[in-house]
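Data block below; observations after.
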Amino acid sequence: MIQKKVCMLGGFAVGKTSLVARFVSSIFSEKYLSTVGVKIDKKVVAADGRETMLMIWDIYGQDDFQTVQPSQLRGMSGYLLVVDGTRRATLEVARQLHDKAREIAGDVPFVVVLNKADLATSWEIDDVAFFKLVEQGWRVVKTSAKTGEGVEHAFETLTRAMLNAPPHA
Amino acid sequence: MTDTLFGHLFRALDLAIVERLSDGLFQLLTPAPVWLEQAFEAAPAGARASVDGAFPFLEDVVHQARAAWRPDGTPQSFGPFAAPVGDEELLLRATALNVEGRTLLVLERLQGVADARPMLQKARERMLEGEDLVRRVHALHPPAVAIDRTIASLRAAALPADQQALVTALYEANERLRDALGRLPAPPVRQRR
């Protein structure tokens with residue numbers, strides 16, 4: 001079976017761990033618990049008629065206290081760039097992490113995940129900002145780790161992109 | 001005597017040393033800490049096991065440790081990794097090194113980093129509260145501007161003296177409010193469109 005390393009990248013409290021918990025174990029907790037260190041989960045995804053084992057690296061959120069290390073990103077085949085739709089500043093953190101990921105892992109596929117779709121009325125990232133990301137050619141998926149909306153789709157979109165990506169130098 | 005001493009020492013430090021064998025298995029060279037017992041089942045020193053399943057991060061560590069395992073390599077640490085063991089989530093660090101041609105991994109539990117978690121949690125909760133406060137302050141700006149406009153038009157209007165005094169008092173109170181608002185954190189940076 002094909003195996004792919006996938007990293008969850010984003011600012012703190014954007015919902016990276018919750019997305020993994022929803023995707024891997026179908027569970028959700030309202031309580032915010034800071035991730036310390038890196039947690040690795042596995043899940044088999046069927047995409048394009050093939051089964052792929054995803055090694056999902058849930059990396060702590062980047063902020064003044066913790067910085068994502070290059071060694072954590074090496075060898076990844078793709079990444080989910082997680083943004084909290086209710087906090088505009090997390091989009092800027094995502095952009096910084098995107099640059100860092102490019103520097104270390106090269107031009108690997110990624111999907112921007114606009115999380116917390118269940119709190120749409122409190123969103124600071126509006127449709128204009130959303131379409132601007134799409135216009136850049138970025139794959140963007142709205143998700144809710146709470147309701148499960150878009151979560152499978154986000155991981156499947158990334159898996160397909162990884163499977164169809166040209167071999168990386 | 002020395003074996004017993006080192007056995008106690010490794011247990012006290014909550015670490016274990018394993019050797020990566022040519023067949024891909026790991027051989028335990030020290031007594032196993034409790035958290036490693038399951039991976040090595042009975043966990044006697046000398047037990048061999050494929051611990052990648054119990055600790056998925058090791059697959060990546062083994063891949064990245066090649067440089068450290070070369071005869072001229074220097075020790076390299078990886079982690080911390082959060083590993084579920086029973087009902088607990090432990091923080092582990094792996095250090096790869098070559099000693100006399102043997103490819104070793106030191107696996108240690110990081111108690112200190114784990115202890116920092118409540119502090120980090122609290123700090124981030126405070127940051128979220130701070131962000132929320134800034135958003136609330138930002139939400140006050142549009143009504144404050146509307147109040148400014150209303151007071152300005154009242155001041156420009158030809159009102160009786162007693163009402164003018166009231167408007168002046170209102171103006172002064174609003175100035176203090178504007179001053180206080182101005183000293184609060186700036187609203188989140190808006191994206192350029």
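Computed from the coordinates by the stated procedures, all read-outs in this text should not be read as laboratory data. Just so we're clear, the structure is a prediction, and the values are computed from it rather than from any experiment. As a convention, Cβ positions derive from the backbone with ideal geometry for all residues, glycine included, and neighbour counts pool all protein chains shown.
Please tell me the relative contact order of chain A in percent, rounded to the nearest whole number, where contacts are Cα pairs under 8 Å and at least six residues apart. Could the numbers behind the result be given before it?
Working: 325 pairs, mean separation 44.3, N = 169.
Here the relative contact order equals 26 percent.
Normalising by the residue count of the stretch B:2-115, find the relative contact order in percent from Cα pairs under 8 Å and 6+ residues apart. Don't skip to the end; give the middle numbers.
Values: 199 pairs, mean separation 26.0, N = 114.
RCO, the stretch B:2-115: 23 percent.
For chain B, what is the charge dipole size about the Cα centre, in debye to the nearest 20, if Lys and Arg each add +1 at the Cβ and Asp and Glu each add -1 at the Cβ?
Values: 22 positive and 25 negative charges, 234 e Å.
Roughly 1120 debye, rounded to the nearest 20.
Between A:Thr67 and B:Thr4, what is the spin-label point distance in nm, taking each point 7 Å from the Cα along the Cα→C-beta axis?
The two pseudo-label positions are separated by 4.9 nm.
Give the residue from B:Gln64, B:Phe26, B:Asn98 lying farthest towards the positive end of the charge dipole for the stretch B:2-115; charges sit on Cβ (+1 for Lys and Arg, -1 for Asp and Glu) and the dipole is referred to the Cα centre.
Of the options given, the answer is B:Asn98.
How much of the pair distance distribution for the stretch B:118-183 lies past 17 Å, counting alpha-carbon pairs only, in percent? Can you show the working numbers first?
Working: 1202 of 2145 pairs.
Of the Cα pairs, 56 percent sit more than 17 Å apart.
Is there a simple number for the mean count of other chain Cβ atoms within 10 Å of the Cβ of residues in A:29-39, and what is it?
On the way: counts 0, 0, 0, 4, 4, 10, 4, 11, 15, 9, 8.
Per-residue shielding by partner chains comes out at 6.
Average partner chain C-beta neighbours within 10 Å, per residue of A:65-72? Working shown, then result.
Numbers: counts 6, 2, 0, 0, 2, 0, 7, 4.
Per residue, the number of nearby Cβ atoms from other chains is 3 on average.
Share of antiparallel DSSP beta bridges in the stretch A:16-115, in percent to the nearest 5?
On the way: 10 of 16 bridges.
Among the beta bridges of the stretch A:16-115, antiparallel pairing accounts for roughly 60 percent.
Multiply the residue separation of A:His98 and A:Ile27 by 0.36 nm, subtract the distance between their alpha-carbon atoms, and state the gained length in nm to one decimal. Each step should come with its number before you reach the end.
Numbers: separation 71, 0.36 × 71 = 25.56 nm, distance 2.76 nm.
Extra length available between A:His98 and A:Ile27 comes to 22.8 nm.
Over all directions, average the projected area of the Cα convex hull of the protein assembly as shown and note it in nm². Walk me through the numbers before you get to the answer.
Values: hull surface 98.1 nm².
Result: 24.5 nm².
Based on DSSP, what percent of beta bridges with both residues in chain A are antiparallel, to the nearest 5? Kindly include the intermediate steps, with their values, before the conclusion.
Details: 10 of 33 bridges.
Around 30 percent antiparallel, to the nearest 5.
About the Cα centre of the stretch A:2-164, what is the dipole size in debye to 20, counting +1 per Lys and Arg Cβ and -1 per Asp and Glu Cβ, all else neutral? Display every interim value, and only then the final one.
On the way: 21 positive and 20 negative charges, 85 e Å.
So the dipole magnitude of the stretch A:2-164 works out to roughly 400 debye.
Would you mind pulling out the separation of the Cα centroids of the stretch A:102-169 and the stretch B:111-175, in Å?
Their Cα centres are 35 Å away from one another.
Please report, ordered by residue number, every helix of chain B (full DSSP H runs) that is 30 Å or longer along its axis going by C-alpha atoms and whose mean Kyte-Doolittle hydropathy reaches -1.0.
Sorted by number, the helices that extend far enough and score high enough are B:117-156, B:161-183.
Report, in listed order, any pair from A:Lys4/A:Lys132; A:Lys100/A:Lys142; A:Lys42/A:Lys146; A:Lys16/A:Lys142 with a Cα-Cα distance greater than 18 Å. Provide the component values of the computation, followed by the final result.
Working: A:Lys4/A:Lys132 29 Å; A:Lys100/A:Lys142 23 Å; A:Lys42/A:Lys146 20 Å; A:Lys16/A:Lys142 13 Å.
A:Lys4/A:Lys132; A:Lys100/A:Lys142; A:Lys42/A:Lys146, as the Cα separations exceed 18 Å there.
Given R₀ = 41 Å, what would the calculated FRET efficiency be for B:Thr74 paired with A:Asn164, taking r from the Cβ atoms and rounding to 0.05? The partial results should precede the final answer.
Working: r = 39 Å, r/R0 = 0.95.
Given R0 = 41 Å and the Cβ-Cβ separation, E is 0.60.
Pick out, from B:Phe10, A:Val140, A:Leu158, the residue whose Cα sits farthest towards the positive end of the charge dipole of the protein assembly as shown, with +1 on the Cβ of Lys and Arg and -1 on the Cβ of Asp and Glu.
Of the options given, the answer is A:Val140.
Using 0.36 nm per residue, how much length does the chain from A:Glu51 to A:Phe130 gain when fully extended, once their Cα-Cα distance is taken away?
The span from A:Glu51 to A:Phe130 would gain 25.4 nm if fully extended.
Remind me, relative contact order of the stretch A:18-103 in percent, using alpha carbon pairs under 8 angstrom and six or more residues apart? Numbers along the way, then the final one.
Working: 68 pairs, mean separation 14.8, N = 86.
Relative contact order for the stretch A:18-103 comes out at 17 percent.
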